[in-house]
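The values are calculated or read from the model by the stated rules, or taken from the named source; none is laboratory data. Keep in mind the model is a prediction, meaning the values are calculated, not measured. Here the Cβ is made from the backbone with ideal geometry for all residues, glycine too, and neighbour counts use every protein chain on show. Accessible surface is based on the protein model in full, side chains and every heavy atom, while ligands, DNA and RNA are left aside. Shrake-Rupley method; radii C 1.70, N 1.55, O 1.52, S 1.80 Å.
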Amino acid sequence: MTGDARYQMLWDCPGCDTAGLLALDHKFCPVCGTPQDPKLRYFPSDEQKVAVEDHPYHGADKVCGACDTPNVATAGFCTACGSAMDDAKAAARREDRVVADGAADAGDNTKAARDEAKQKRQAAEERRVREAAGQPAEPSKPRRGMGAYLGLGCGAIVAIAALGCVGFFLLSWLLQTQDTLTVSGHTWDRRVDVEVLGPVKKSDWKDEVPAAASDVVCRSEKKDTKKVPDGEDCQMRKKDLGDGTFTEVRECTTRYRTEDVFGEKCSYTVVTWSKARSEQAAGADLSPRWPQVTLTPAKEREGKRHETYTLALTDSKGQGHTCDLAEPAWRSYAQGSKVQASFGGLTGLIDCGSLAPAR
Ligand SMILES: [Zn+2]
Ligand SMILES: [Zn+2]
């Protein structure tokens, strides 16, 4: 079945207290004849380990339904009472035993085997009770490690922060107030960027430097990080084969470390269009216009255009507020007309999105 090394598990006789019996060789106590209980097999310490040679593996033992004696998987009839082994159950197996790589194993003992059997019995009992109550037979939760508690703590902090955020907005929304305001003024601001063609200093990774660049100076610089393999973390897993023997399997996972990746960062000069200035026009009326732009031919061109339309408002207490709006909306509110708006309950700021003509 397996090419891994195979060793005998041990058992202690509950009838006469003989300790350290070999679980493959002694299905009965050689002193008092008590049959072995597969549930109480235990893993030996490194010093107690006895290798199995020339004994093929046929599968886990079968336990006689009539007298509870473990028999080899191939047995047709029980060696103790002679009953047919047709529907005999496979022997219970111990949980895997995991030992850090290179660490000595002190082995476990009958008590550990007994405790494990008791835990399994209780888990099975809980499952039965849940099933009888019509609840899903979910496996009992594994015990939480320190990391799980840490994760729980972080999760709680995130949840509290999110709740706080939601609470703030909800409170702000609940406490928000309405007011009727008067339109007290219109202002506008329009700008046109002017770009000039000329040498510009830039910096890029070498493969992104344009072909037309001049004065290229490169030096090595950290560009990225990558994960590189850096040895292995290994452990020895001992698996109960169910026939009084166990195998040892070495399991390894690759460890990684982070390494900096360097690239050639280059500063260079390239002739290109870049923003040199912007022409502005502004006013406090309803006739916005674009500024006069005078360009030097072949050297300058128009760039991006920017426009802002601001409505000045006075609330019922005489306080001033402003809202930036799209041009049609800004134009639709006549000087001196009444508008409604909400104010944040906690911030006291006007919500320009809620602006509407007063009914
Ligand atoms: Zn005995
Ligand atoms: Zn039997």
* Table column - 3J(HN,Hα) (Hz), the range 62-79, Karplus curve with 6.51, -1.76, 1.60, x for Gly and Pro -> 10, 9, 4, x, 8, 10, 6, 7, x, 10, 4, 4, 8, 5, x, 9, 5, 5
* So what are the radius of gyration and Dmax for the Cα set of the chain, in Å? -> 41.2, 114
* Within straight cross-link reach of Lys275, meaning Cα distance under 16 Å, which lysines are found once same-chain residues fewer than 8 apart are removed? -> Lys201, Lys202, Lys299, Lys304
* Candidate lysines for bridging to Lys118, where Cα separation is under 17 Å - those fewer than 8 sequence places away on the same chain excluded -> Lys39, Lys141
* Asked: Tell me, what is the percent relative contact order of the chain, built from C-alpha pairs under 8 Å that lie six or more residues apart?
  -> 20 percent
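State the percentage of accessible surface on the chain attributable to carbon and sulfur atoms; use a 1.4 Å probe and exclude ligands, DNA and RNA.
Details: 12010 of 22550 Å².
Carbon and sulfur: 53 percent of the exposed surface of the chain.
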* To do: Report the full-extension gain for the segment Asp68 to Ser83: residue separation times 0.36 nm, less the Cα-Cα distance, to one decimal in nm.
  => 4.3 nm
* Between the range 154-224 and the range 247-282, what is the C-alpha centre distance in whole Å? -> 19 Å
* **Helix axis angle, 146-174 relative to the chain longest principal axis, alpha carbon, degrees** => 30 degrees
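In nm, what is the difference between 0.36 nm times the number of residues separating Ala5 and Asp285 and their Cα-Cα distance?
Numbers: separation 280, 0.36 × 280 = 100.80 nm, distance 9.31 nm.
Result: 91.5 nm gained on full extension.
Tell me the trypsin sites (Lys or Arg not before Pro) within the range 234-326 that lie in a loop according to DSSP and have at most 15 other beta-carbon atoms within 10 Å. It would help to have the intermediate numbers written out before the result.
Numbers: sites: Arg237, Lys238, Lys239, Arg250, Arg255, Arg257, Lys265, Lys275, Arg277, Arg289, Lys299, Arg301, Lys304, Arg305, Lys317; in loops: Arg289, Lys299, Lys317.
Listed in order of number, the matching sites are Arg289, Lys299, Lys317.
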* Taking only Cα atoms, what is the 0 to 90° angle, nearest 10, from helix 110-132's long axis to the longest principal axis of the chain? -> 60 degrees
* Structure fact -> Quick calc, Lys223 & Ala103: beta-carbon distance into FRET formula, R0 41 Å, rounding 0.05, result 0.50
* Label-zone membership for the range 171-191, site Ser337, 7 angstrom Cα→C-beta point, backbone N under 11 Å -> 183
* Leaving out same-chain residues fewer than 8 places away, which aspartates and glutamates sit with a Cα under 17 Å from that of Lys239? -> Asp4, Asp46, Asp61, Glu95, Asp96, Asp101, Asp105, Asp108, Glu116, Glu248, Glu251
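Enter the accessible area per residue of the chain (Å², integer; probe 1.4 Å; all protein chains in place). Working shown, then result.
Numbers: 22550 Å² over 359 residues.
Solvent-accessible surface per residue comes out at 63 Å².
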* So how much accessible area does Tyr7 have, in Å² to the nearest 10, using a 1.4 Å probe? -> 40 Å²
